[in-house]
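The structure appears below as structure tokens.
The values are calculated or read from the model by the stated rules, or taken from the named source; none is laboratory data. Computed from a predicted structure; not experimentally measured. When we count neighbours, we look across all protein chains shown, and the Cβ atoms used for this are built from the backbone with ideal geometry, even at glycine. Heavy atoms of the whole protein, side chains included, go into the accessibility calculation; ligands, DNA and RNA do not. Shrake-Rupley method; radii C 1.70, N 1.55, O 1.52, S 1.80 Å.
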Amino acid sequence: MAIEIEKKFLVTGEEWKEGSSSTIYFQGYLCSGSGQTVRVRIAGDKAWLTIKGRHTNISRLEFEYPIPLEEAQIMLAEVCEQPIIHKRRFFKKYGGFIWEIDEFYGDNQGLVLAEIELASEDQEFPRPDWLGEEVSDDGRYYNASLRSYPYSMWKDDEK
């Protein structure tokens, strides 16, 4: 069984960009609600179908399957709930971990989130200086939520 254990944080400044690599992502949802999602994602020239279960703390079931790029493009355009999430994902090594940092575009412009995948919920990790507030427990920051309630619609006191 595949279990994703992940923490999410807001990001401050831009020093995290130095020495990181990146890829453009497009992702859409075939189904989102009740805490479960079925997602289509394109990253560069590769594509996946991902099924995620409900959260239990920072853990949830995750199943991911490669799919043909052409089929993913059709699903994003014609089958997925709109709008599609568009972001650039940066990969930054820090303290023996690889951080995934998402810089969002479109209606989520201005939002930058960092994620770290862990082996257990209580695993310790070094915190880089550019790491801001933890938002792992705030459902608004999940990509499926950002699709239906984008960051640009949030009031300043919600950010």
Quiz item: By the scheme Lys and Arg +1, Asp and Glu -1, what is the net charge of all other residues having a beta-carbon under 11 Å from that of TYR29?
Solution: +3
Quiz item: Simple spin-label model, 7 Å along Cα-to-Cβ: ASP156 to ASN57 in nm?
Solution: 3.8
Practice problem: For the chain, find the longest principal axis of its Cα atoms and tell me its angle to the long axis of helix 69-78, 0 to 90°, nearest 10. | Solution: 80
Quiz prompt | Backbone HN-Hα couplings from phi across the range 44-56 [Karplus 6.51/-1.76/1.60, Hz, Gly and Pro as x] | solution = x, 10, 10, 9, 9, 10, 10, 10, 10, x, 5, 6, 10
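Mind checking the full-extension length gain between GLU133 and ILE3? Use 0.36 nm per residue of separation minus the Cα-Cα distance, one decimal, nm. All intermediate terms of the calculation are to be shown ahead of the outcome.
Values: separation 130, 0.36 × 130 = 46.80 nm, distance 2.41 nm.
Contour length minus Cα-Cα distance gives 44.4 nm.
Ordering LYS8, LYS155 from largest to smallest accessible area (1.4 angstrom probe), what's the sequence?
LYS155, LYS8
Run the numbers for ILE74 and TYR105: contour at 0.36 nm per residue of separation, minus the present Cα-Cα distance, in nm.
9.1 nm
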Quiz prompt | FRET efficiency estimate (nearest 0.05) - Cβ-Cβ, SER34 to LYS93, R0 25 angstrom | solution = 0.10
Practice problem: Sorted from largest down, give the three principal axis spans of the alpha carbons of the chain, whole angstrom values. | Solution: 41, 38, 32
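Of the heavy-atom accessible surface of the chain (probe 1.4 angstrom), what whole percent is carbon and sulfur? Walk me through the intermediate numbers first.
Numbers: 4240 of 8590 Å².
Roughly 49 percent of what the probe reaches on the chain is carbon or sulfur.
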Practice problem: Springs between alpha-carbon atoms under 10 Å, Gaussian network over the chain: tell me which of ALA72, ALA47, ALA119 tops the mean-square fluctuations. | Solution: ALA119
Self-check item: Estimated distance in nm for a label pair at ASP45 and PHE125, the labels positioned 7 Å out from Cα along Cα-to-Cβ
Solution: 3.0
Quiz item: If ligands, DNA and RNA are left out, what is the accessible area of TRP154 with a 1.4 Å probe, given in Å² to the nearest 10?
Solution: 10
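Determine the order of CYS80, CYS31 by accessible area, beginning with the largest, at a probe radius of 1.4 Å. It would help to have the intermediate numbers written out before the result.
Numbers: CYS80 10, CYS31 65 Å².
Ranked from most to least accessible, the order is CYS31, CYS80.
Where does the chain land at 222 nm, in deg cm²/dmol rounded to the nearest 500, when only DSSP H runs of n ≥ 4 count, each adding -39500 (n - 2.57), divided by all residues?
Numbers: 2 runs with 16 residues, N = 159.
When only DSSP H runs of four or more count, the value is -2500 deg cm²/dmol.
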Quiz item: Could you give the accessible area per residue of the chain, probe 1.4 Å, as a whole number in Å²?
Solution: 54
Quiz item: Under 5 Å between amide H atoms, partner at least 5 residues away or on a different chain: which partners does VAL135 have, H built in plane at 1.01 Å?
Solution: LYS8, PHE9, LEU10
Practice problem: Using a Gaussian network model of the chain whose springs link C-alpha atoms within less than 10 Å, name the residue from GLU62, GLU14, GLU70 with the highest mean-square fluctuation. | Solution: GLU14
